[in-house]
Amino acid sequence: MNIEIIKRTDEEAAEIIEKELNRQRNTIELIASENFASRAVMEAAGTILTNKYAEGKPYKRFYNGCENIDEMEMLAVERTKKLFGVEHANVQPHSGAQANMAVFLYALNQGDTILGMDLSNGGHLTHGSPVNFSGIYFNTVSYGVNEYGEIDYDEVEKLAKEHKPKMIICGASNYSKIINFKKFKEIADKTGAFLMADIAHIAGLIAGKVHPSPVGYADFITTTTHKSLRGPRGGIIMCTQEHAAGIDKALFPGVQGGPLEHIIAAKAIALKEAMQPEFKEYAAQIVKNAKALAKSLMDENINIVGNGTENHVMTIDLRKTDKTGKELADILEKIGITANKNTVPNDPKSPFITSGVRIGTPAVTTRGFKEEDMFEVGKIIASAISVWDNETALNNLRERTQKLCKKYPLYKD
Ligand code: DSN
């Protein structure tokens, strides 16, 4: 990242970017959906490929001069197919939400019923939330999690039989158990529904073979590229050949205009990185770190939804305390830990206040944190909950987070 070049044109913007670099360097990043892209990924995202319009598909564009763009996009497509073992990939979605929108546009008619995970139980806005296109234009039925923080597959089957959804959606933004894609497929088959798997959060874990893949079960697979997959911000849609032409048409011209080819180049690089043996180690370490963090917190008598985690994410459940998720996220920010307030299942508090804080390990694992560091992070969080607004004690905790940040410098060259 060459800030000097930006400075020559715009000192104000350069200064903001520098401040953000310092914030990232001096903060323990526990937002479960964030990560630190490699220098190569970021450089690609800043290249001259941003200059090119390339509406259409590779070799079938509406603009001339796309020969290099075609080559780059095909590189990303072929790498996606190889990494995930899918028949067809479209790497053009600007985001996960737009990937999902394209699948809806292709597979559903307005007013059709969808069955997805409830947002406050760990689902995603685009899985049928009433404030999102998915809940506005489609009839949503939602499933949640049981008292153990697990999807109740019997409930999913019961709802599917009762409401006959045209599409069942699995995948989540805040679910700490392994998703049983086979079970979802069985339910979809019994009820004649399409199955869409949104693997945005766990794409890196699937690529690294530490979470089962939905390939062979789901009709459509969508993902973002910037979470555990550690690429640039963006999305991808994968499907079988049978749906390929329809999905491509739904994305463009249905949902998007010109693709972001500089971001597609960055996706290609991230996909190559995810094919390396080191990425498997990285994915395995994400899970080891999450388990260590959960244990450390539970050892300190902090409740975790579902009593632990099997993947990269977990939710601190504050219901037995007098604190809210919003308050804890703000206190953590003060001491140098970034996380987000999040509802716990059946949360009595609103999504703006919440009784939980979601935490995850993809970003700190990229930084180099290991289990022993996660134990220290867990102890720091537990202390923050008990010392609360004691400024001296909070300063002391801040010193401990800064020590960890110094131990693992970020973007140092
Ligand atoms: N906003 C993302 C997350 O934080 O999980 C999901 O899109």
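The values are calculated or read from the model by the stated rules, or taken from the named source; none is laboratory data. In this text, all values refer to a predicted model and were calculated from it rather than measured experimentally. Every residue, glycine among them, receives a Cβ derived from its backbone with ideal geometry; neighbour counts consider all protein chains shown. For accessibility, only protein heavy atoms count, side chains too; no ligands or nucleic acids. Shrake-Rupley method; radii C 1.70, N 1.55, O 1.52, S 1.80 Å.
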Completion exercise
Checking ALA99, ALA89 in turn, the sole residue that is crowded, with 17+ Cβ neighbours inside 10 Å, away from the ligand (no atom under 16 Å from the Cβ) and not in a loop (DSSP other than H, G, I, E, B) turns out to be ALA89
Practice task
Would you check if there is a residue in region 234-245 being in contact (Cβ under 8 Å) with a residue 40 or more places away in the chain, over 17 Å from PRO259 (Cα atoms), in contact with a helix residue (DSSP H, G or I) (Cβ under 9 Å, 6 or more places away or on another chain) and surrounded by fewer than 24 Cβ atoms within 10 Å (Cβ to Cβ)?
Solution key: yes
Problem - Residue tally, condition touching a Gly at 6+ places or on another chain (Cβ under 9 Å) and not β-branched (Val, Ile, Thr), over region 12-28 - result: 1
Exercise for the section: Examine region 345-358 for a residue that is away from the ligand (no atom under 14 Å from the Cβ), open to solvent by less than 20 Å² (accessible area, probe 1.4 Å), modelled with pLDDT of 95 or more and not in a helix (DSSP H, G or I), and state whether such a residue exists. Expected result: yes
Completion exercise
Listed by first then second residue, the pairs whose first member lies in region 45-57 and is at positive phi, whose partner is open to solvent by 40 Å² or more (accessible area, probe 1.4 Å), with beta carbons under 7 Å and at least 6 positions apart or on separate chains, are GLY56/PHE62
Practice task
State whether the residues of region 201-215 include one that is within 16 Å of the ligand (Cβ to nearest atom), within 17 Å of GLU150 (Cα to Cα), modelled with pLDDT of 95 or more and among the aliphatic types (A, V, I, L, M).
Solution key: yes
Practice task
Residue by residue through region 134-177, note down the ones that are in a helix (DSSP H, G or I) and surrounded by fewer than 17 Cβ atoms within 10 Å (Cβ to Cβ).
Solution key: ILE136, TYR153, ASP154, GLU155, LYS158, LYS161, GLU162, HIS163
Exercise for the section: Kindly check whether there is at least one residue in region 107-122 that is assigned to a helix (DSSP H, G or I), in contact (Cβ under 8 Å) with a residue 40 or more places away in the chain and farther than 29 Å from THR309 by Cα. Expected result: yes
Handout entry: Residues that are open to solvent by 20 Å² or more (accessible area, probe 1.4 Å) and either on the phi > 0 side of the Ramachandran plot or touching a helix residue (DSSP H, G or I) at 6+ places or on another chain (Cβ under 9 Å) (or both), drawn from region 178-193
Key = ASN180, LYS183, GLU186, LYS190, GLY192
Problem - Test: residue in region 360-370 that is within 16 Å of the ligand (Cβ to nearest atom), in contact with a Lys or Arg (Cβ under 7 Å, 6 or more places away or on another chain), open to solvent by 10 Å² or more (accessible area, probe 1.4 Å) and modelled with pLDDT of 95 or more - result: no
Exercise for the section: Check whether at least one residue in region 218-228 is without any contact (Cβ under 8 Å) to a residue 60 or more places away in the chain, more than 16 Å from the ligand (Cβ to nearest atom), outside any helix (DSSP H, G or I) and surrounded by 24 or more Cβ atoms within 10 Å (Cβ to Cβ), and report yes or no. Expected result: yes
Practice task
Residues being surrounded by 13 or more Cβ atoms within 10 Å (Cβ to Cβ) and either among the small types (Gly, Ala, Ser) or within 16 Å of the ligand (Cβ to nearest atom) (or both): count how many of those fall in region 12-63.
Solution key: 17
Exercise for the section: Could you give me the residue pairs with C-beta distances under 7 Å whose first residue belongs to region 71-97 and is closer than 13 Å to ALA270 by Cα, whose second residue is within 16 Å of the ligand (Cβ to nearest atom) and open to solvent by less than 20 Å² (accessible area, probe 1.4 Å) wherever it lies, and which are 6+ apart or on separate chains? Expected result: THR80/ILE236; VAL91/ILE236
